[in-house]
1. Sequence-distant or interchain residues sharing an amide H contact under 5 Å with Ala74, placed H: which?
2. In degrees between 0 and 90, to the nearest 10, how far off the longest principal axis of the chain does helix 47-73 point, with axes built from Cα atoms?
3. Over the Cα atoms of the chain, Rg to Rh with Kirkwood Rh, two decimal places?
4. Of the peptides 82-95, 118-131, how do they stack up when ordered by the mean number of other Cβ atoms within 10 Å, highest first?
5. Treating each Cα of segment 34-141 as an identical point scatterer and ignoring solvent, apply the Debye formula and state log10 I(q)/I(0) at q = 0.12, 0.13, 0.22 Å⁻¹.
6. Which angle between 0 and 90 degrees, to the nearest 10, do you get for helix 117-128 versus the longest principal axis of the chain when only C-alpha atoms count?
7. By the gyration tensor of its Cα atoms, with a ≥ b ≥ c the square roots of the eigenvalues, what is the shape of segment 1-65: rounded for a/c under 1.5, prolate for a/b over b/c, or oblate?
8. Tell me the relative contact order for segment 42-149 as a rounded percent, counting alpha carbon contacts under 8 Å between residues six or more apart.
Amino acid sequence: MSPQRLSELDHRRRQLAVLRAALAVTVAWILLVGAYYVVPIGARSGASVFVRLGIGVVLLGVVLAWQTGRIVRAALPELQAAQALGVVLPLFLVVFATIYLSMSHASASSFSQQLDHTRALYFTITVFSTVGFGDITPGTDLARIMVSVQMLLDLVIIGVVVRLLLNAARVGLARTEQDPPDQL
């Protein structure tokens with residue numbers, strides 16, 4: 001069976017495939033956000049924040065490479081690409097929320113208000129979405145640097161990562177029938 005476009009499936013198979021992908025993304029969000037709330041996050045400042053950022057970026061790269069491979073081999077590469085974005089995005093948000101939370105624990109002046117898990121995740125999402133309500137703002141140079149890094153990486157996620165996933169879907173669709181696809 002060669003890879004197919006989602007639009008080539010009959011209505012029932014398309015609905016089932018989309019439902020499975022939505023369920024996989026929902027489970028990924030629950031696991032990632034759940035782990036974020038459950039795993040203790042200690043105070044980190046200075047160089048250790050950059051170490052945590054480096055580990056987070058490497059983890060994102062590994063997950064992105066794994067997801068890209070899954071897209072290329074998938075029976076429905078376009079749907080797998082959407083699912084991959086649904087996994088990479090919450091991981092990205094949780095990485096930065098963890099960094100902001102640890103910075104807030106290390107120094108109350110890092111942000112305009114003390115962050116807990118919810119406030120750190122909320123702040124991360126407002127920065128990512130470029131809404132920036134202004135209720136939470138970075139209060140130190142280190143916090144401003146980390147927020148600036150997130151803003152720059154937001155652009156990378158929006159531009160480069162989305163393009164990478166879409167190109168992987170194109171490669172997957174161009175695959176020959178000799179390479180059997182993974183099951184959804």
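1. Under 5 Å from the amide H of Ala74: Asp182.
2. Helix 47-73 sits at roughly 10 degrees to that axis.
3. Working: Rg = 18.8 Å, Rh = 17.7 Å.
The Rg/Rh ratio comes out at 1.06.
4. Details: 82-95: 21.0, 118-131: 17.0.
Peptide ranking by packing, descending: 82-95, 118-131.
5. -0.47, -0.54, -1.16
6. Tilt of helix 117-128: around 70 degrees.
7. On the way: a/c = 5.97, a/b = 2.37, b/c = 2.52.
Since a/c reaches 1.5 but b/c is at least a/b, the shape of segment 1-65 is classed as oblate.
8. Details: 99 pairs, mean separation 30.4, N = 108.
RCO, segment 42-149: 28 percent.
No lab work stands behind these numbers, since they all come straight from the coordinates. Computed from a predicted structure; not experimentally measured. When we count neighbours, we look across all protein chains shown, and the Cβ atoms used for this are built from the backbone with ideal geometry, even at glycine.
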